[in-house]
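Below is one structure, written out as structure tokens; the observations come after it.
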2 protein chains.
Amino acid sequence: MITIEFVHLDAAPDMGKMVVLKETPESDRFFLMFVGDAEFTAIAKEKGLVESKRPITHDLYLSIMEKLQVEFLRCEIHEVRDDTYYAKVIFRTNDTEYTLDSRPSDAVVLALNRKIPILVAEDLFRRNLTQKEMMEYEELIKKVKF
Amino acid sequence: MITIEFVHLDAAPDMGKMVVLKETPESDRFFLMFVGDAEFTAIAKEKGLVESKRPITHDLYLSIMEKLQVEFLRCEIHEVRDDTYYAKVIFRTNDTEYTLDSRPSDAVVLALNRKIPILVAEDLFRRNLTQKEMMEYEELIKKVKF
């Protein structure tokens, strides 16, 4: 599991809304997820990029949770199955630890809000091509007969 | 405050997605709110109209809440200000009662899930025109000079 220090939002006209997770901003490997508008806004809000006039769903429940004895420990994005990514949220209450199934986007919002670690399984990362690999790839492409 | 027994979902091409709240299905007055896709889906899910493969945001937090000592009491949609409706969620934990600000759609999802009362302030209701009013209105319209 890799600890994420960098959560970046991106949007491209042909790709839609994306969340990019990296170990550090400089890291060349990344975990990429495509999200809907609500998830994008929720993460943007946690990053202080947008404000919402009214509490969003996360705000409501996190406000409730503030009144309760619950300690959030970490979130893990641990698996991909049938093109769907799976995450879990780990928390403790009354000396018992619980693990709950979550969508990665909800886990990231919760983690940013509660300032707990976001961990991503190493095999879920993709890597940017290096300059050398890019050139090798271009050479390879030239040899392909269309 | 009026207690809601009937939560109905509706969608019209030119109007968008709507949630209609009524005292009873037969009642001629109603509270209407326009919602986004995520809110519409969350309410549809609570009504058993759709299933989602993965837990939505409400599911995650409601699962966390199941492990905690929290008793939800009721939701109230109490005010409209600058075209925005305001709701509150009232809950109890450790013998203390708390009231939290919420969007009406989140309050309705939570209420349906926890089977707690949904209350709407009487002045927020609209009323269908009766047959008699409709005819009076048509007579009135005939007299109007354009």
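The values are calculated or read from the model by the stated rules, or taken from the named source; none is laboratory data. Here the structure is a predicted model, which means the values were calculated and not measured. Note that we place each Cβ from the backbone using ideal geometry, even for glycine, and neighbour counts take in every protein chain shown. Ligands, DNA and RNA are stripped out before the accessible areas are found, and what is left, the full protein with its side chains, is counted by its heavy atoms. Shrake-Rupley method; radii C 1.70, N 1.55, O 1.52, S 1.80 Å.
Overview of values
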| quantity | calculated |
| --- | --- |
| Residue that is at pLDDT below 90 and hydrophobic (A, V, I, L, M, F, W, C), where the choices are A:I118, A:I141, A:I43 | A:I141 |
| Residues of region B:121-131 that turn out to be modelled with pLDDT of 80 or more and either part of a strand (DSSP E or B) or open to solvent by 100 Å² or more (accessible area, probe 1.4 Å) (or both), as a count | 4 |
| Filter result for the condition that a residue is out of contact with any Asp or Glu (no Cβ under 6 Å at 6 or more places or on another chain), under 27 Å from B:D101 (Cα atoms) and not polar (S, T, N, Q), over A:V7, A:V19, A:V70 | A:V70 |
| Filter pass, A:R92 being open to solvent by 30 Å² or more (accessible area, probe 1.4 Å) and closer than 30 Å to B:C75 by Cα | yes |
| Among residues of region B:11-44, those that are open to solvent by 50 Å² or more (accessible area, probe 1.4 Å) and closer than 17 Å to B:D106 by Cα, counted | 5 |
| The listed residue being open to solvent by 30 Å² or more (accessible area, probe 1.4 Å), of a type in the set (G, A, S), under 23 Å from B:Q69 (Cα atoms) and within 13 Å of another protein chain (Cβ to nearest Cβ), out of A:S102, A:S63 | A:S63 |
| Scope region A:66-77; condition open to solvent by 40 Å² or more (accessible area, probe 1.4 Å) and within 10 Å of chain B (Cβ to nearest Cβ); matching residues | A:E66, A:K67, A:Q69 |
| A:G36, sole failed condition from (1) within 11 Å of chain B (Cβ to nearest Cβ); (2) in contact with a Lys or Arg (Cβ under 8 Å, 6 or more places away or on another chain); (3) under 30 Å from B:N94 (Cβ atoms) | (3) |
| Pairs, first aromatic (F, W, Y) in region B:95-117, second buried (at least 19 other Cβ atoms within 10 Å of the Cβ) and modelled with pLDDT of 95 or more, C-beta under 7 Å, six or more apart | B:Y98/B:F91 |
| Condition broken by B:N113, with the remaining ones in (1) at the interface with chain A (Cβ under 9 Å from one of its Cβ atoms); (2) touching a helix residue (DSSP H, G or I) at 6+ places or on another chain (Cβ under 9 Å); (3) polar (S, T, N, Q); (4) surrounded by fewer than 21 Cβ atoms within 10 Å (Cβ to Cβ) satisfied | (1) |
| Residue among B:L100, B:L49 that alone is closer than 30 Å to A:V89 by Cα and assigned to a loop (DSSP other than H, G, I, E, B) | B:L49 |
| Count of region A:52-74 residues which are assigned to a helix (DSSP H, G or I) and polar (S, T, N, Q) | 2 |
